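One structure is given below, encoded as structure tokens.
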């Protein structure tokens, strides 16, 4: 069943009920070029198909959720979650930023943030030229992540996103996970590798094994189109080619050893990647 829990001129909170009663997901939209009113929430089809109750926060524009009614909307969301339910927040880029910033309000047990930003305040991240909010009123930019949440942050350490993660690590204890040679396209990279579902489902169940998952993601990098494109782009000179060849050899050795000690556990049938 799909219903709106909260609606204002700025945001809408939509609940899609599922069969699982012990865990819920809360998702935040990324930056979008267009926002048709009939659009689904971030990951809505994924969670609905697998029977997970999910709350989807949709926003008016690319304002990075800096709306005065965010507090009221998320309070309504939190009040609808039954006691003792595990709460997992999920978002990518702008959505990952929101998942981390609002994790305290929602009393999250875990956060999964793909290529998140630490801030969109030009006085804090003046080096960030890729995007900016469509508002100059940054109400929630300094909200600290929940101190007790397990915050899993997936990003490319060879991309500018590493500078955002460095800031976030000064604010909270993060579990960094590296999608090498993904650039900012972490969501698509994980989908192509077949490991996005593994990440979401195992975190929901409290069974996530970061070293084993990281090693498997490295092994599957060749399955992604982003790896081949971005890897080639970074090796345009002989010196850079030599540098990244050495890095890859070292990572191969490192993750081969991890995989030998801690192979990624097989997922149950419902969590086998199906490409959707």
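The values are calculated or read from the model by the stated rules, or taken from the named source; none is laboratory data. Given the structure is predicted, the values throughout are model-derived calculations rather than measurements. Counting neighbours? That spans all protein chains shown, and the Cβs are built from the backbone with ideal geometry, glycine included.
Observations
- Breaking point among (1) touching a strand residue (DSSP E or B) at 6+ places or on another chain (Cβ under 9 Å); (2) outside any helix (DSSP H, G or I), for residue 123: (1)
- The residue of segment 226-262 that is farthest from the chain's Cα centre (by Cα), among those that are outside any helix (DSSP H, G or I) and surrounded by 11 or more Cβ atoms within 10 Å (Cβ to Cβ), is 235.
- Residue match in segment 95-104 (condition: in contact with a strand residue (DSSP E or B) (Cβ under 7 Å, 6 or more places away or on another chain), surrounded by fewer than 24 Cβ atoms within 10 Å (Cβ to Cβ), in contact (Cβ under 8 Å) with a residue 24 or more places away in the chain and part of a loop (DSSP other than H, G, I, E, B)): no
- Residue list for segment 164-215, filter: farther than 28 Å from residue 53 by Cβ and not in a loop (DSSP other than H, G, I, E, B): 164, 165, 166, 167, 176, 178, 211, 214, 215
- Exactly one residue out of 118, 98, 110, 54 is closer than 17 Å to residue 163 by Cα and modelled with pLDDT of 95 or more, and it is 118.
- Residue check for residue 162: over 28 Å from residue 241 (Cα atoms) and either in the same structural domain as residue 62 (by TED's automatic domain parsing) or in contact with a strand residue (DSSP E or B) (Cβ under 9 Å, 6 or more places away or on another chain) (or both): no
- Qualifying position, being in the same structural domain as residue 139 (by TED's automatic domain parsing) and part of a strand (DSSP E or B), among 89, 74: 89
Conditions (1) under 23 Å from residue 68 (Cα atoms); (2) in contact with a strand residue (DSSP E or B) (Cβ under 9 Å, 6 or more places away or on another chain), marked per residue:
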residue	(1), (2)
131	yes, no
137	yes, no
145	yes, yes
167	no, no
179	no, yes
182	no, yes
190	no, yes
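- Which listed residue, of 162, 205, 124, is free of Cβ contacts under 8 Å to residues at least 40 places away in the same chain and either surrounded by fewer than 16 Cβ atoms within 10 Å (Cβ to Cβ) or more than 30 Å from residue 265 (Cα to Cα) (or both): 162
- Filter pass, residue 110 being assigned by TED's automatic domain parsing to the domain that holds residue 139 and touching a strand residue (DSSP E or B) at 6+ places or on another chain (Cβ under 7 Å): yes
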